[in-house]
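The values are calculated or read from the model by the stated rules, or taken from the named source; none is laboratory data. Just so you know, these numbers come straight off a predicted model, no measurement behind them. Methodologically, a virtual Cβ is constructed for each residue, glycine included, from the backbone with ideal geometry; neighbour enumeration extends over all protein chains shown. Just the protein is used for accessible areas: all its heavy atoms, side chains included, with ligands, DNA and RNA removed. Shrake-Rupley method; radii C 1.70, N 1.55, O 1.52, S 1.80 Å.
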Amino acid sequence: MSADHANTSLPPGARPDWTIDQGWDRYTAAEHEVWITLYERQAALLPGRACDAFLKGLDALDLHRTGIPDFARINEELRRLTGWTVVAVPGLVPDEVFFEHLANRRFPAGQFVRKPDELDYLQEPDIFHDVFGHVPMLTDPVFADYMQAYGEGGLRALGRGQLHNLARLYWYTVEFGLLETPQGLRIYGAGIVSSRSESIFALDDPSPNRLGFDLERVMRTPYRIDDFQQVYFVVPSLQALLDATLADFDALYRRLQAASDIPIDAVLAEDKVFTRGDQTYVLRGGRSAA
Ligand code: PHE
Ligand code: FE
């Protein structure tokens, strides 16, 4: 799920672009069971919580049928819908490799599946987070363009030493984004939809702030990698998100170099407030108290 895609050396057996064969035939029955358990939990929970684009994508890709999905099968439909494909990687890949794939409409997905005793929390994104969480949104034409643009922007930011701020944009949109709809707030972030507890927390809990998305504001806000978010940012539409990021970021990066970070739990006078959180979850000690 991470926006920081680790930096180690090429694992044995991986191609120079870090991809590997998915090796679908080698998944065990127990591994397929883990996928099915997670799938069924989330599929039951997400109607009325996930945005329509996600639910539609989930349906279109028919991710359930065979347990852990075979990327070759997903890719037929995904390629047809938006020109994206999923490629298998051993785990986190270096930033440059990650962005290069996105810029070419390839989504690198972890090949491995979590263990049955880590259904709810894991350090490294596995195939369930990467495929169930990320791939349905890639069937949406606007989001598909956003992800490609992010990859291109990532390559540029890397060259300019600005990844720090850009990573926050990924975090608060691709991983933990919320969408405003006439029916209420809906989830589009992969880190939320792939987690049962955060799918509830992000929408229902009184603790976090839920604030209107503002590009510069988001890029000045640090994030939590070890626990539920203290703030979620709400976009009015996926098109508005894409439009907000179309301009060249060079001027923005220059401003950000002089700007300070905004405390993670702050609500500013200029924020559009959907929910002012009471931060009780954090004040009680968060995950470590649970
Ligand atoms: N417009 C950004 C730039 O000039 C690229 C980008 C697009 C970044 C979409 C993130 C998301 O760098
Ligand atoms: Fe992710």
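Observations on the structure shown:
- Karplus-derived 3J(HN,Hα) values for the stretch 216-231, using 6.51 cos²θ - 1.76 cosθ + 1.60 with θ = phi - 60°, are 5, 4, 4, 5, 9, 10, x, 9, 9, 9, 10, 7, 4, 6, 8, 8 Hz; glycine and proline are entered as x.
- Charge tally in the Cβ shell below 15 Å around residue 45, where Lys, Arg are +1 and Asp, Glu are -1, residue 45 excluded: -1
- Relative to one another, the C-alpha centroids of the stretch 131-199 and the stretch 230-277 are positioned 14 Å apart.
- Rounded to the nearest whole angstrom, the semi-axes of the ellipsoid equivalent to the stretch 217-259, taken from the Cα gyration tensor as √(5λ), stand at 21, 18, 7, largest first.
- Each of 231, 34, 195 was scored by the projection of its Cα onto the charge dipole of the chain, and the greatest displacement toward the positive side belongs to 231; charges sit on the C-beta of Lys, Arg, Asp and Glu.
- Local electrostatic count at residue 55 - Lys and Arg +1, Asp and Glu -1, tallied over other residues with Cβ under 14 Å: -1
- The alpha-carbon positions of the chain define a convex hull whose volume is 130 Å³ per residue.
- On the beta carbon distance between residue 73 and residue 272, with R0 = 51 Å, the FRET formula returns roughly 0.75.
- Probing with 1.4 Å while keeping every protein chain in the model, the per residue accessible area of the stretch 24-289 equals 42 Å².
- For residue 109, the residues whose amide H sits under 5 Å from its own are 87, 88, 89, ignoring neighbours fewer than 5 places away on the same chain, with H placed 1.01 Å from N.
- In the chain, the DSSP-assigned H stretches of four residues or longer account for a calculated mean residue ellipticity at 222 nm of -11500 deg cm²/dmol, using -39500 (n - 2.57) per stretch and the full residue count as denominator.
- Of the solvent-accessible surface of the stretch 46-130, computed with a 1.4 Å probe over protein heavy atoms with every protein chain present, carbon and sulfur atoms account for 46 percent.
- For the stretch 142-272: relative contact order, % (alpha-carbon pairs under 8 angstrom, 6 or more apart): 27 percent
- Other-chain or far-sequence residues with amide H under 5 Å of residue 50's (modelled H): 187
- Each of 288, 199 has its accessible area taken with a 1.4 Å probe; listed largest first, they run 288, 199.
- Dipole size of the chain about its Cα centre, with +1 on Lys/Arg Cβ and -1 on Asp/Glu Cβ: approximately 280 debye, rounded to the nearest 20.
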